[in-house]
Amino acid sequence: MNRILENNPLENEAIHIIRETVAQFEKPVLLFSGGKDSITLVRLAQKAFYPATIPFPLMHIDTGHNFPETIEFRDRLVQELGLELIVRNVQDNIDSGRVMEEKGKYASRNILQTETLLDAIEEFGFDACIGGARRDEEKARAKERVFSVRDDFGQWDEKNQRPEVFDMLNGNIDHGQNVRVFPISNWTELDVWSYIEKEDIEIPSIYFAHKRPVFERDGLIWSAFDDYVYREDDEQVYEKIVRFRTVGDMSCTAAVESNAFTISDVVREIRSSRISERGARIDDKRSEAAMEKRKQQGYF
Amino acid sequence: MEVLKIVTAGSVDDGKSTLIGRILYDTKSLTDDKLEAIEKKSQSRGYDYLDFSLATDGLVAEREQGITIDVAHIYFSTDNRSYIIADTPGHVEYTRNMVTGASTSQASVILVDARNGVIEQTKRHFFINNLLRVKDIIVAVNKMDLVDFDESKFDRIRSDVEKLAAQANYKNQSITFIPVSALKGDNVVYRSENTPWYTGKTLMEHFESIENQDVYETADARFPIQSVIRPKQADYHDYRAYAGKLYGNDLSVGDEVTILPSMTKTKIKEIQFFGSTYDTAKRGSSLTLSLENDVNVSRGDTIVRSESIPRSGKELNATICWMDRNPMRLASRYELQHGTNKIMAKIKDIKSVLEVQSNQQSHSVDNLVLNDIGTVSMQLNKTLFFDSYAKNKSTGCFILIDKQTNTTAGVGFIE
């Protein structure tokens, strides 16, 4: 029988980008959040260099407000694949007084991550940070390049981006600059889920429907977890069958009502969804330009 | 899964963002939360209609000024396939954005304002699409509602564009003309009752009918090496394979191949991907392959079939689109990136610049400025193996990098 290799074009493109990153940069790192997009990146990186192991470490900027399920999953994944994991904690910067924790009802550590990320990039001298951002997620991300050059302050100069023609990627940078690399730029949320289904990739359990104590605020379903998530006295806690469509901090990711217990349920649910993925991101609701502002400051 | 990528071009105010917003709305691709945001914003600005351009204009400055600044990518799908639209803005850096978007697109929509007809920008957009050999061109004559859906206005634009096409180099382009109103939705997804004289497809019907081919098209197989895979694990001690993406044509185990630039001949021993082996790899695949002989191969080398060796030389003639604010000057040196290979190039002669308005080539100049399209001859510091862009897209183009700023300053199409 004639065995023919024919991958989907998005996979071919992502692997090409990951290989270019390793070839053109001295110290790449994969920014790993434990979410489905960065888990997909890990699989793509495995494929890009197989049978060699992934030639760069994973780095997790831990806000300390992660879902425990995500952290367990992260540790098991790196152990199984024999990967190097670097963890840097937002808590350290809070303890040392370098950053101030937000207060009040909508307090989140999301923005504080940026400072820890920039410190870590400098500490290890990373010149390329591979991330799982996708252009379909949000309007400012729709304008992002595959190789996105950042200055020493991690800043994104959105009006002065390099043209990217065909699939030639120019990785030339000055000393002190670094590049954010987005191999799955052109994937949609549904593409990622379809790939996870087809490849049978394991993902954290919070992506599937489960019973969880929650409360409601502003029409969104919040996790009731009093250590991390501020709750008013009159915000009643009750149990509900929910799942998470994106995985950020507990304090910035709302749950959605769902009966998707398996990966094919999830794919079906996404296919028919009338709400966008980031519709349940509390951090994006702050203003119309929330993402653009965070990106300029060096956010993922 | 099939993905079709489409680039859209038009001048400021031609209504590109509105057209894309309309496509998203009429194909029910706008989710409820995004639609709600558009409704709110339109209301707060006092519009009595929905401003769909708000769906795509992503940056603060864009929303403030009502213009699009940078190439935006928009995703939607039908039952038939997925679409990516590269929305390229039509002002200051128009050539750069247009080339960026068109280089990876199978089809191109050129918007023309029915009131203004074919203007300089339209000619430029047409010329760039022709230079890049984009297969499928759709001329969307927009704002037909503002000219009372007058057929003669549409016909006039059609005949003006057909005149441009008659003068163009690349004749194999399919050009389709569609009268639309992005604002009102005529002939975008739904057929208009206002254009009884138009019997062709709506824009969306046309998209659905485009045959999906990868942008590099069928040509001789080219396999530029991205990296050499040499695992550090003990059980792979003697393992050596070459990672890259295959362009132009399929490759099979046993094919007689030549490694460029060393001209070493060998055969393909194995085609591998993630632990499986294959007899044949389809073009477009990212893969790993190993060779029969123990040969010296490194990043920047290219593997080709021995029966189809490309041209080679230390001089190159190319059409260059200049994309940098810093002009390209005669006698300057640039880094030339050709696939995964990087060499140095010196500008020997700028033979002509395209005068878009008259479609004439002016003669010999000293520099190319931002948005200029010129024919240039270059001297290379090493022998390069290349094809003409007309013959093989992947090995027929290159980028020029300014070593002082590291920016991608120009893109070239080899003659």
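The values are calculated or read from the model by the stated rules, or taken from the named source; none is laboratory data. The shown structure was predicted, so the numbers you read here are calculated from the model rather than taken from an experiment. Cβ sites come from the backbone with ideal geometry, for glycine too, and all protein chains shown count toward neighbours. The area values use the complete protein model at the heavy-atom level, side chains included, leaving out ligands, DNA and RNA. Shrake-Rupley method; radii C 1.70, N 1.55, O 1.52, S 1.80 Å.
When region B:154-187 is filtered for residues that are open to solvent by less than 20 Å² (accessible area, probe 1.4 Å), part of a helix (DSSP H, G or I) and among the aliphatic types (A, V, I, L, M), the ones remaining, listed by number, are B:157, B:161.
Identify all residues within region A:63-89 that are among the small types (Gly, Ala, Ser) and under 22 Å from residue A:51 (Cβ atoms); write none if there are none.
A:82
Residues in region B:395-415 that are open to solvent by 20 Å² or more (accessible area, probe 1.4 Å) and of a type in the set (Ser, Thr, Tyr) were compared, and the one that is nearest to the other protein chains (Cβ to nearest Cβ) is B:407.
Which of the following residues is more than 13 Å from every other protein chain (Cβ to nearest Cβ) and part of a loop (DSSP other than H, G, I, E, B): B:257, B:295, B:304?
B:295
State all residues of region A:43-77 that are of a type in the set (Val, Ile, Thr) and crowded, with 19+ Cβ neighbours inside 10 Å; if no residue qualifies, say none. Hits for region A:43-77 are A:54, A:61, A:63, A:70. Annotation for region B:211-227: at least one member residue is touching a His at 6+ places or on another chain (Cβ under 8 Å), within 14 Å of chain A (Cβ to nearest Cβ), open to solvent by less than 80 Å² (accessible area, probe 1.4 Å) and polar (S, T, N, Q). Can we say residue B:275 is without any contact (Cβ under 8 Å) to a residue 24 or more places away in the chain, more than 29 Å from residue A:183 (Cβ to Cβ) and open to solvent by 30 Å² or more (accessible area, probe 1.4 Å)? So residue B:275 fails the test. Would you check which residues across region A:156-170 are more than 7 Å from chain B (Cβ to nearest Cβ) and crowded, with 20+ Cβ neighbours inside 10 Å and list them? Once the filter is applied, which keeps residues that are more than 7 Å from chain B (Cβ to nearest Cβ) and crowded, with 20+ Cβ neighbours inside 10 Å, region A:156-170 yields A:156, A:169.
Residues of region B:319-336 that are in a loop (DSSP other than H, G, I, E, B) and free of Cβ contacts under 8 Å to residues at least 60 places away in the same chain: B:325, B:327, B:330, B:331, B:332. Of all the residues in region B:24-72, those that are modelled with pLDDT under 75, over 21 Å from residue A:188 (Cα atoms) and not small (Gly, Ala, Ser) number 8. Just one of the listed residues (B:128, B:138) is at pLDDT 95 or above and closer than 25 Å to residue A:186 by Cα, namely B:138.
Each row is one residue, and each column tells you yes or no for (1) in contact with a strand residue (DSSP E or B) (Cβ under 9 Å, 6 or more places away or on another chain); (2) assigned by TED's automatic domain parsing to the domain that holds residue B:96; (3) in contact (Cβ under 8 Å) with a residue 60 or more places away in the chain; (4) not in a loop (DSSP other than H, G, I, E, B).
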site	(1), (2), (3), (4)
B:346	yes, no, no, yes
B:349	yes, no, no, yes
B:352	yes, no, no, yes
B:361	yes, no, no, yes
B:378	yes, no, yes, yes
B:395	yes, no, yes, no
B:400	yes, no, yes, yes
B:410	yes, no, yes, yes
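The residues in region A:108-155 that are open to solvent by 30 Å² or more (accessible area, probe 1.4 Å), more than 14 Å from chain B (Cβ to nearest Cβ) and more than 19 Å from residue A:38 (Cβ to Cβ) can be counted, and the count is 9.
Of all residues in region B:73-82, none satisfies being closer than 30 Å to residue B:151 by Cα, in contact (Cβ under 8 Å) with a residue 60 or more places away in the chain and more than 9 Å from chain A (Cβ to nearest Cβ). Looking only at residues that are in contact with a helix residue (DSSP H, G or I) (Cβ under 6 Å, 6 or more places away or on another chain) and either more than 8 Å from chain B (Cβ to nearest Cβ) or without any contact (Cβ under 8 Å) to a residue 12 or more places away in the chain (or both) in region A:15-29, which one is surrounded by the fewest Cβ atoms within 10 Å (Cβ to Cβ)? My answer is A:28.
Among the residues making up region A:248-277, those that are in a loop (DSSP other than H, G, I, E, B) and either surrounded by 19 or more Cβ atoms within 10 Å (Cβ to Cβ) or among the small types (Gly, Ala, Ser) (or both) are A:248, A:249, A:250, A:251, A:252, A:254, A:258, A:260, A:272, A:273, A:276. Of note, residue A:96 satisfies the criterion of being open to solvent by 50 Å² or more (accessible area, probe 1.4 Å) and on the phi < 0 side of the Ramachandran plot.
Checking each residue in region A:40-83 for being in a loop (DSSP other than H, G, I, E, B) and touching a Leu at 6+ places or on another chain (Cβ under 8 Å) picks out A:53, A:54, A:56, A:57, A:63, A:83.
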